[in-house]
Amino acid sequence: MYPAAVSSDAYGPLYSRIAMLMRQRILGGQWEAGAQIPTIEGLMSEFGASRVTIRLALDMLERDGLIERFRGRGTFVTDRGKGLHRIKLGQSWHTLVEALEGTRPRLLETIDDALPPGGEGLGCDLAESYCRLKRVHVRDNVAFAVMYVHLDQRWYQRAADRFNHELIIPVLRSLKGLKIGHAHQSLSIGCAEPEVAAHLGVPIGVPVGMLRRVICDEDGVAVYVGDFTYRGDLIRMDVDLILPEDGDG
């Protein structure tokens, strides 16, 4: 029987969570393109779920184009999974910009005069006023992140339409007169809130990546404060380890 903490309906439909686990196997390469996945009976045994539940989970993967089912032959992984790369959360500015490639933003709302939460812990000073943008980021027609970005009003007003409809970091970099003095980000693991879960198409309470990114200008003012929630099955963080000078571990 699959662990009770995962099979409990309190965390959303079981078929949806099983689909996420199988998606993870495809994206992680455990189930390679062209490979036949276990039979329905085998999946029923592994997950401790009914035939109907497994069929519903497979329906979700089939709608995403990750599997293809053939009567009398079985279910096979398609090539589409190769294109659904996990979002790479690196440590350099170059990696950040590179990770945005192929991303399509969808604006949900803008609110003026909204201060970022936790202002005293930003590591830099607050601007006089901010505009808050609520957005969803989509890649390969899959929503992978929900974000609340607070932008210094001085700079937001310089290119409001571009900030609303384009990727924010490239727009910020293109503004003449703005010099970035410092940028940092932190990542933690949390659970999907109801509204976020609805936007990301995941069950309430499943693990998600929660990232805060702060960008300050050369005067030490926070011009960008972003709070992101990423689908847990679609992000990856790579960290280079610094070895001791003598090479000993």
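Read the figures in this text as sums done on the coordinates, not as results from a lab. All figures in this text were calculated on a predicted structure; none of them were measured in a lab. Positions of Cβ are backbone-derived with ideal geometry, glycine not excepted, and every protein chain shown enters the neighbour counts.
Identify unpaired cysteines across the chain, taking unpaired to mean no other cysteine Cβ lies under 4.7 Å from the residue's Cβ.
131, 191
Can you compute the modelled spin-label distance between residue 128 and residue 92, with each label point 7 Å from Cα toward Cβ, in nm?
Modelled inter-label distance: 3.8 nm.
Rounded, prolate or oblate: which one fits the stretch 23-163, using the alpha carbon gyration tensor with axes a ≥ b ≥ c (rounded when a/c is under 1.5, else prolate when a/b beats b/c, else oblate)?
Prolate, since a/c reaches 1.5 and a/b exceeds b/c.
With r defined as the distance between the Cβ atoms of residue 45 and residue 103 and R0 fixed at 45 Å, what FRET efficiency is calculated, to the nearest 0.05?
0.70
For the stretch 87-237, state the average projected area of the convex hull of the C-alpha atoms over all orientations, rounded to one decimal in nm².
Averaged projected hull area, Cα only: 8.3 nm².
Within a Cβ distance under 13 Å of residue 47, other residues only, what is the Lys/Arg minus Asp/Glu net charge?
Summing Lys/Arg as +1 and Asp/Glu as -1 gives +2.
Taking N as the number of residues in the stretch 4-83, what is its Cα Rg relative to 2.2 N^0.38 Å?
1.04
In the stretch 126-160, whose amide N lies under 12 Å from the spot 7 Å out along Cα-to-Cβ of residue 166? List them in ranges.
159-160
What helices does the chain have that are whole DSSP H segments, at least 15 Å long along their own axis by Cα, and with mean Kyte-Doolittle hydropathy of 0.0 or more?
Going by DSSP H runs, the hits are 14-27, 51-63.
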